[in-house]
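Colleague: Sharing a structure below in structure tokens format, with a few things to ask.
Any read-out appearing in this document is the output of simple, stated calculations on the displayed coordinates, not a laboratory observation. This is a predicted model, so every value here is computed, not measured. Glycine gets a Cβ as well: all are built from the backbone with ideal geometry, and neighbour counts include every protein chain shown.
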Amino acid sequence: MLLGLVPPWCVGSVDLQMDQKRVVIEVHWPDDHSISCPDCGTECRMKDHRDERRWRHLDTMRFETIITCRVPRSDCPEHGVKTIKVPWASPHSRFTLMFERFAIEVLYGARSITQATALLGLSWDQAQAIQERAVERGISRRKLEDIKYVGIDEKNFGRGHDYVSVMSDIAKGCVLNVVPERTKEATEALWETIPEAHRGSIRAVAMDMWEAFMNVTNEKASKADIVHDKFHVAKYLGEAVDKVRKQENRELLEQGKDVLKGTKFLWLRNPKNWSENQKTHFESFRDEQLKVSRAWAIRQSFNGFWEYWYRKSAEKYFRQWYYWATHSRLAPIIEVAKTLNRHLAGMLNYCKHRITNAVAEGLNSKIQSLKANARGFRNFEHYRISILFHCGKLDVYP
Ligand SMILES: [Zn+2]
């Protein structure tokens, strides 16, 4: 009963090996019972038995529990000799279904595969294989018919400029796929995730202003609008403010003034999140004619752009902002303003589709923590499986 066996499967013997802390349960199909072909279900004669196989089952009272069976083979007049299916395990698995379900729970709860292996008494490769099969099952069951909003984003992987590109379902808040690099080929590979027949339902794709992402998306999902979302725009503007600060700090230090020393995060952080100290600090800049203050004000005022619901009003707002920014005599700000101007259509699409890559940004911390446990992720495919396992919202159980 505990094994979930259905007749005529029956337990032959139970061998309690005290010294090894192990229980071995022998299961068999009675010789005098008829058998059916796994392909057509026709009752036929039993040909013979395969060699003994073993499956790891859930522990019994902390004793490792093994099921053994010599699985019979049927002899169908039409399909020939076939090994029949066993009800306690998936084909080719060395674990019972119950154990595999439990292992998946542990993998979800554990901080890393290494930690899960210790809890499960498995090797790293065995645990990895369970995770991989779980993801395969989930992907084969996944429905991609009605996706409306897709996000495409890049993430750092490993050191320096190694990137991975991530495709996510914005409404569902889950990762659809991960591929190495952020090239044209990478973006094409990402789009292979959603069959062409299902891409018609996609209304918009949120992404960075990265050429490869844009060009390939226009080609592969031609009906979808491209939306450049506020997170990416904010990132560019923030970088520009920081460049202005660095340059100005250098100039001021040469004149023996250190007013900008240690202010990096003051300028980068949202004023809503300023500490009391930072507020006071900011106030003290009031009377100084600082370039970084101007750059900061230009960046802050861009937030107003995202409030508009009408394209024409948003465009008008942008034009005013653009005039201000490009006449600021602050080179980094002028450069970003020009970039934004070139991608204005994609930013204006935000009026129509209020989507952002915030979901992907939220998944980001999860993905980062998976990377932190990356002992086994020297291999990209392992990293990918782990992201899909934890962030794919897949139906992974056997
Ligand atoms: Zn048959």
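Colleague: Amide H of residue 162: which non-local residues (sequence gap of 5 or more, or other chain) have their own amide H closer than 5 Å, using H built in the peptide plane?
Modeller: It is 157, by chain and number.
Colleague: Report the calculated FRET efficiency for residue 246 and residue 368 (r = Cβ-Cβ distance, R0 = 30 Å), to the nearest 0.05.
Modeller: FRET efficiency, residue 246 to residue 368: 0.70.
Colleague: Something else now. If I model a spin label as a point 7 Å beyond the Cα along the Cα-Cβ vector, how far apart are those points for residue 1 and residue 307 in nm?
Modeller: The answer from the label model is 6.8 nm.
Colleague: Between residue 108 and residue 258, take the C-beta separation as r, use R0 = 41 Å, and let me know the FRET efficiency to the nearest 0.05.
Modeller: 0.25
Colleague: Students often check this: by mean Cβ neighbours within 10 Å, which of 2-12, 24-34, 243-253 ranks highest, and how do the rest follow?
Modeller: Averaged packing, sorted descending, gives the order 243-253, 24-34, 2-12.
Colleague: If you don't mind, there's one more thing I want to ask. Starting from the 7 Å offset along Cα-to-Cβ, what nm value, one decimal, do you get for the label separation of residue 85 and residue 132?
Modeller: Distance between the two pseudo-spin positions: 2.3 nm.
Colleague: Using a Förster distance of 45 angstrom, determine the FRET efficiency expected from the C-beta separation of residue 193 and residue 31, and round it to 0.05. List each step's numbers first, then the result.
Modeller: Details: r = 49 Å, r/R0 = 1.09.
The pair residue 193/residue 31 has a calculated efficiency of 0.35.
Colleague: Under a 5 Å amide H to amide H cut-off, with H placed in plane at 1.01 Å, what residues pair with residue 36 once short-range neighbours are removed?
Modeller: Counting only residues 5 or more places away or on other chains, the set is 44.
Colleague: Please build a GNM for the chain, connecting alpha carbons under 10 Å apart, and tell me which residue among 172, 316, 257 fluctuates the most.
Modeller: 257
Colleague: Describe numerically, in nm with one decimal, the distance between label points set 7 Å from Cα along Cα→Cβ at residue 13 and at residue 283.
Modeller: 8.6 nm
Colleague: A follow-up question, please. Between beta-carbons, use under 10 Å as the cut-off and find the net charge around residue 264, counting Lys and Arg +1, Asp and Glu -1.
Modeller: Numbers: positive: 245, 246, 261, 269; negative: 242.
Charge balance near residue 264 sits at +3.
Colleague: Take the alpha carbon gyration tensor of region 148-191, find the square roots of its eigenvalues, order them as a ≥ b ≥ c, and report rounded if a/c is under 1.5; if not, report prolate when a/b exceeds b/c, else oblate.
Modeller: oblate
Colleague: Provide the packing ranking of 268-279, 331-342, i.e. peptides ordered by the mean count of other C-beta atoms within 10 Å per residue, highest first. Numbers along the way, then the final one.
Modeller: Working: 268-279: 10.8, 331-342: 17.3.
Going by the mean number of other Cβ atoms within 10 Å, highest first, we get 331-342, 268-279.
Colleague: Moving to a separate point now. Counting only other residues whose beta carbon sits under 12 Å from that of residue 16, what net charge do I get with K and R as +1, D and E as -1?
Modeller: The answer is -1.
Colleague: Still on this structure, please answer the following. Counting Lys +1, Arg +1, Asp -1, Glu -1, what net charge surrounds residue 36 among other residues with beta carbon under 14 Å of its beta carbon? The partial results should precede the final answer.
Modeller: Working: positive: 45, 47, 73, 82, 85; negative: 39, 43, 75, 78.
That sum, taken over residues with Cβ under 14 Å, equals +1.
Colleague: Rounded, prolate or oblate: pick one for region 168-230, where a ≥ b ≥ c are the square roots of the eigenvalues of its C-alpha gyration tensor, a/c under 1.5 means rounded, and failing that, prolate if a/b is larger than b/c, else oblate. List each step's numbers first, then the result.
Modeller: Working: a/c = 1.16, a/b = 1.10, b/c = 1.06.
Taking the square roots of the gyration eigenvalues as a ≥ b ≥ c, region 168-230 is rounded.
Colleague: Need the full-extension length gain, residue 239 to residue 211, defined as separation in residues times 0.36 nm minus the C-alpha distance. One decimal, nm.
Modeller: 8.1 nm
Colleague: Rank these for me by crowding, 280, 83, going from fewest to most other beta carbons within 10 Å.
Modeller: Sorted ascending by nearby Cβ count, the order is 280, 83.
Colleague: Counting only residues 5 or more places away or on other chains, whose amide H sits under 5 Å from the amide H of residue 225 once H atoms are built in the peptide plane?
Modeller: Counting only residues 5 or more places away or on other chains, the set is 204, 205.
Colleague: What number, rounded to the nearest 500 deg cm²/dmol, is the helix-based mean residue ellipticity at 222 nm of the chain, given -39500 (n - 2.57) per DSSP H run of at least four residues and division by all its residues?
Modeller: -13000 deg cm²/dmol
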